[in-house]
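First the structure, in the form of structure tokens, and then the observations on it.
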Amino acid sequence: MHNRGLSREEIGMLAPRVIEAHLKGDFTATSILHDAAAELAAMVATVANRLFSNEPFELILVGGLALSGDPFQPLLIDTIRRVVPTVRVTDPEMSPVHGAALEAMRADKIPWSADIIAHLRAHHNESHA
């Protein structure tokens, strides 16, 4: 898709159409979903092997497609668990925006306090209740 000049946003807009086609029984769409899950699981496996050496670790999924619900999210999680049995997929404690704020603080050498972390977690939980 990238070689055909489509932007990242244009490619992203194709995902719901592929999922819709899959739900209607389209074999090619189903194959695309399974291939996508397998490729993402392979990336997780590569990182896990380098960082965790077969030790258990947590994985937090982010992004629209990874958190899209049925049918892709369970397929992705099942595929990752099959390829990387030591993984434990967990829900995020904060939004990516909160994580970015913490990283900006770290970059500016501002220490994180327990109060800051608690406030960000509480705000995340309020927005997802």
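Among the residues of region 48-59, the ones that are surrounded by 13 or more Cβ atoms within 10 Å (Cβ to Cβ) and within 18 Å of the chain's Cα centre (by Cα) come to 3 in all. The lone criterion from (1) surrounded by 13 or more Cβ atoms within 10 Å (Cβ to Cβ); (2) modelled with pLDDT of 95 or more; (3) closer than 19 Å to VAL84 by Cα; (4) not basic (Lys, Arg) left unmet by ALA29 is number (3). Checking every residue in region 58-65 against the condition of being touching a helix residue (DSSP H, G or I) at 6+ places or on another chain (Cβ under 8 Å), of a type in the set (D, E, K, R) and free of Cβ contacts under 8 Å to residues at least 40 places away in the same chain gives zero matches.
Each row is one residue, and each column tells you yes or no for (1) part of a helix (DSSP H, G or I); (2) under 24 Å from ARG8 (Cα atoms); (3) without any contact (Cβ under 8 Å) to a residue 24 or more places away in the chain.
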position: ILE32; (1), (2), (3): yes, yes, yes
position: MET43; (1), (2), (3): yes, yes, yes
position: ALA48; (1), (2), (3): yes, no, no
position: GLY69; (1), (2), (3): no, yes, yes
position: VAL89; (1), (2), (3): no, no, no
position: VAL97; (1), (2), (3): yes, yes, yes
position: ILE110; (1), (2), (3): no, no, yes
position: ILE117; (1), (2), (3): yes, no, yes
position: ARG121; (1), (2), (3): yes, no, no
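So which residues in region 1-30 are of a type in the set (Gly, Ala, Ser) and touching a residue at least 12 places away in the same chain (Cβ under 8 Å)? Across region 1-30, the qualifying residues are GLY12, ALA15.
Matching residues to (1) over 29 Å from LEU120 (Cα atoms); (2) exposed (fewer than 13 other Cβ atoms within 10 Å of the Cβ):
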position: ALA37; (1), (2): yes, no
position: THR46; (1), (2): yes, yes
position: GLY63; (1), (2): no, yes
position: GLN73; (1), (2): no, no
position: ILE80; (1), (2): no, no
position: GLY99; (1), (2): no, no
position: LEU102; (1), (2): no, no
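The values are calculated or read from the model by the stated rules, or taken from the named source; none is laboratory data. As the structure is a computational prediction, the values presented were derived from the model and not from experiment. When we count neighbours, we look across all protein chains shown, and the Cβ atoms used for this are built from the backbone with ideal geometry, even at glycine.
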